[in-house]
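Asker: I'd like to ask you about the structure that follows.
The values are calculated or read from the model by the stated rules, or taken from the named source; none is laboratory data. This one's a predicted model, so the numbers in the text were calculated from it and none came from an experiment. No Cβ is skipped: glycine too gets one built from the backbone with ideal geometry, and neighbour counts run over all protein chains shown. What goes into the accessible areas is simple: the full protein's heavy atoms, side chains included, and nothing from ligands, DNA or RNA. Shrake-Rupley method; radii C 1.70, N 1.55, O 1.52, S 1.80 Å.
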Amino acid sequence: MDILVVGGGGREHAIIRKLRESPQAGTIYAAPGNGGIAADAVCVDIKATDLKGMVAFAKEKKVDFVVVAPDDPLVLGMVDALAEAGIPAFGPTKAAAAIEGSKVFSKNLMKKYHIPTAAYETFDDPDKAIAYLDAQNRYPTVIKADGLALGKGVVIPENREDAVRAIHSMMEEGQFGESGRRVVIEEFLQGIEVSVLSFTDGKIVVPMVASMDHKRAHDHDEGLNTGGMGTIAPHPLFTPEVEARCMKEIFLPTIEAMKKEGREFRGCLYFGLMLCADGPKVIEYNCRFGDPETQVVLPLLDGDLLDIMRATAEGRLSDVAVGRKPGAAACVIIASGGYPFSYQKGYPIHGLDANGQAPGVTVYHAGTQCRDGQYLNNGGRVLGVTAVGETLRQALDTAYCAVKAIGFQDSFYRTDIGAKVL
């Protein structure tokens, strides 16, 4: 089967490398892909959000199956556009992708169907938002842009001054464009964060191994929120008992709620959870594989990813085996100096072989290009170095050993991925 994977980051690289393991996989195209992905797939210069261009390419190449990986094209309705052209695809419809595309929608869904989450209110008037902050007078608090914002649309102000600044920045100055014109203000939850990526065909939910993301840019969870600086799996505190409770109180109720709203969800549904003293609560939903969670979850997936994705899309997920391999995985992100703000591109990367890999690990390329055989940094998060081991400590030691041998001018990485649970 010829496959088209939409996207061009580390998540897509991880998906492509897992799809290649399937004996059914033929040619794999990536659009747009990146320098490192080009070693594993045929890269095509089509923007991930170009719905017409993607459909036209899939028809031209007679692609058998499309995997729409990023949030933007899902929220725009790429799966719907492919379906209209008779092309099967993995990912939710536009209506179902609203679970990530609008924080207001997802919070209201949780309130309506009694799915545990943080207390909140939504606002499209900055004065009313500030009045609510003053009435609550609780810090830290959480302020979220309603729409997509590259994983950076969440601010956690420690005081009123920072909160008011965030409101003005999002709602009046357009920091996140139209995505920030409406905001959600919610209580700051105390607890342990867990990411759970799950396959669902709208009828059943099959969680993959739980993982822990590290959002802050620097060690000790300092600095700004990023798209993610590293991950570990399995999450040591997400026990079978906690998972069973989440299935009963969160996972299945969410799928049922979406079905009742006429938005049946088929694809990968990401549950961002907080394990609080009074039980697990939903921080956020994503309508797709997380990044960089995918880079540790898929190496531990026991099963044929192409089979699983096709069964998910066709509503027969219960027919396929979805297992978890023993051991642990760790991913450390190497980023460009200045990220998540401005950074320089085009620096040569050392420590990689001709295929963009390094010994003993898998290097997932997020923001790279390859020019005359030389890999260069071409984004904020550049590489995800993933290792698998019998234990988490072993996986981390292997990953960091490789990370120390890879780099480029001004590159940086966190040195404490997974430290808080070891």
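Asker: Using only the alpha-carbon atoms, what does region 1-70 span along each of its principal axes? Please give whole angstrom values in decreasing order.
Answerer: Here the Cα extents, ordered largest to smallest, are 29, 23, 17 Å.
Asker: A follow-up question, please. In whole percent, and with a 1.4 Å probe on the protein chains, what portion of the accessible area of the chain is carbon and sulfur? The partial results should precede the final answer.
Answerer: Working: 8290 of 16990 Å².
Its accessible area is 49 percent carbon and sulfur atoms.
Asker: Could I ask something else about it? Contact order normalised by length for region 153-280, with contacts defined as Cα pairs under 8 Å and 6 or more residues apart; what percent is it?
Answerer: Result for region 153-280 is 28 percent.
Asker: Using the Karplus equation 6.51 cos²θ - 1.76 cosθ + 1.60 (θ = phi - 60°), what ³J(HN,Hα) coupling, rounded to whole Hz, does each residue of region 98-111 give in order, writing x for Gly and Pro?
Answerer: So the Karplus estimates, Gly and Pro as x, are 4, 4, 9, x, 9, 5, 4, 4, 5, 5, 5, 4, 5, 5 Hz.
Asker: Please label the shape of region 261-337 as rounded, prolate or oblate, based on the square roots a ≥ b ≥ c of the eigenvalues of the alpha-carbon gyration tensor (a/c under 1.5 means rounded; beyond that, a/b larger than b/c means prolate, else oblate).
Answerer: It comes out oblate by the Cα gyration axes.
Asker: Here is a further query. Write out the trypsin sites (Lys or Arg not before Pro) in region 386-422 meeting two conditions: DSSP loop, and at most 16 other Cβ atoms within 10 Å of their Cβ.
Answerer: K404
Asker: In terms of modelled amide H atoms, which long-range or inter-chain residues lie less than 5 Å from the amide H of V67?
Answerer: Here the answer is L4, V5, V6, F90, since their amide H atoms fall under 5 Å of that of V67.
Asker: So, one more: Hey, could you get me the Stokes-Einstein D for region 94-234, Kirkwood radius over alpha-carbon pairs, 20 °C and 1.002 mPa s, rounded to whole µm² s⁻¹?
Answerer: Reported coefficient: 131 µm²/s.
Asker: At a threshold of 8 angstrom on Cα-Cα distance, excluding pairs fewer than six apart, so keeping six or more, what relative contact order does the chain reach in percent?
Answerer: The value is 17 percent.
Asker: For region 15-118, build the charge dipole from Cβ charges (+1 Lys, Arg; -1 Asp, Glu) around the Cα centre, then report which of V63, G91, T49 sits farthest towards its positive end.
Answerer: It is G91, whose Cα lies furthest towards the positive end.
Asker: Take the Cα coordinates of the chain, assign each an equal point scatterer, and use the Debye formula without solvent to give log10 I(q)/I(0) at q = 0.10, 0.12 Å⁻¹.
Answerer: Scattering profile of the chain, log10 relative to I(0): -0.66, -0.98.
Asker: OK, next. Determine the dipole magnitude for region 215-289: charges of +1 sit on the beta-carbon of Lys and Arg, -1 on that of Asp and Glu, nothing else is charged, the reference point is the Cα centre, and the result goes in debye to the nearest 20. Mind dumping the intermediate values first?
Answerer: Working: 10 positive and 11 negative charges, 73 e Å.
Taking the Cα centre of region 215-289 as origin, the dipole is about 360 debye.
Asker: Determine the distance separating the Cα centre of region 294-332 from the Cα centre of region 342-416; give it in Å without decimals.
Answerer: Value for the Cα centre distance between the two parts: 24 Å.
Asker: Kindly identify region 342-393 as rounded, prolate or oblate by the Cα gyration tensor criterion: order the square roots of the eigenvalues as a ≥ b ≥ c, call it rounded if a/c is under 1.5, otherwise compare a/b with b/c, prolate if a/b is larger, else oblate.
Answerer: oblate
Asker: Let me ask something else. ³J(HN,Hα) across region 73-90 via Karplus (A = 6.51, B = -1.76, C = 1.60, θ = phi - 60°), whole Hz, x for Gly/Pro?
Answerer: In residue order, the calculated couplings are x, 5, 5, 6, x, 5, 5, 4, 5, 5, 4, 4, 8, x, 10, x, 9, 9 Hz.
Asker: Moving to a separate point now. Spelling out what I want: for every residue of region 158-172, take phi, set θ = phi - 60°, compute 6.51 cos²θ - 1.76 cosθ + 1.60 (Karplus), and round to whole Hz; glycine and proline get x.
Answerer: For region 158-172, the Karplus curve yields 8, 8, 4, 4, 5, 5, 5, 4, 5, 4, 4, 4, 6, 7, 10 Hz.
Asker: Let me ask you something else. Check cross-link reach from K325 to the aspartates and glutamates: straight Cα distance under 19 Å, and skip same-chain residues fewer than eight apart.
Answerer: Straight-line reach from K325, under 19 Å: E21, E243, E293, D302, D304, D307, E390.
Asker: For Y113 and E21 in the same chain, what is the full-extension length gain: residue separation times 0.36 nm, less their Cα-Cα distance, in nm?
Answerer: Length gained between Y113 and E21: 29.2 nm.
Asker: Sticking with this structure for a sec: When the chain is fully extended, how far beyond the present Cα-Cα distance does D221 get from E314, taking 0.36 nm per residue of separation?
Answerer: My answer for the length gained is 29.4 nm.
Asker: Identify which of K18, K94, K52 has the largest mean-square fluctuation in a Gaussian network model of the chain, with springs joining Cα atoms closer than 10 Å.
Answerer: Maximum fluctuation in the GNM of the chain, among the listed residues, is at K52.
Asker: Rg to Rh for region 101-165: what is it, with Cα atoms only and Rh by Kirkwood?
Answerer: So for region 101-165, dividing Rg by the Kirkwood Rh gives 0.96.
Asker: Let me ask something else. Where in region 144-209 are there GluC sites (Glu not before Pro) that are in a DSSP coil and have at most 16 other Cβ atoms within 10 angstrom of their Cβ? Kindly include the intermediate steps, with their values, before the conclusion.
Answerer: Numbers: sites: E158, E161, E172, E173, E178, E186, E187, E193; in loops: E158, E173.
Filter output for region 144-209: E158, E173.
Asker: Under 23 Å between alpha carbons: how many lysine pairs meet that in region 201-280, if sequence neighbours fewer than 8 apart on the same chain are excluded?
Answerer: Numbers: K203/K248; K203/K259; K203/K260; K248/K259; K248/K260.
So the count works out to 5.
Asker: Go ahead and estimate [θ] at 222 nm for the chain from helices alone: -39,500 (n - 2.57) per DSSP H run with n ≥ 4, summed, over the residue count, rounded to 500.
Answerer: The helix-only estimate for the chain comes to -7500 deg cm²/dmol at 222 nm.
Asker: Toward the positive end of the charge dipole of the chain, about the Cα centre and with charges on Cβ (Lys, Arg +1; Asp, Glu -1), which of G279, T362, G380 goes farthest?
Answerer: After comparing all options, I get T362.
Asker: With springs only between Cα atoms under 10 Å apart, run a GNM on the chain and tell me which of Y400, Y285, Y343 wobbles the most.
Answerer: Answer for the Gaussian network model of the chain: Y343.
Asker: Before I look further, what does the chain give for accessible area per residue, probe 1.4 Å, in whole square angstrom?
Answerer: 40
Asker: Oh, and also: Count the lysine pairs in region 1-114 whose Cα atoms sit under 29 Å apart, keeping only pairs 8 or more residues apart in sequence or on different chains.
Answerer: Lysine pairs meeting both conditions in region 1-114 amount to 24.
Asker: Under 5 Å between amide hydrogens, which residues at least 5 positions from S411 or on another chain qualify, with H placed 1.01 Å from N in the peptide plane?
Answerer: So S411 has HN proximity to G337.
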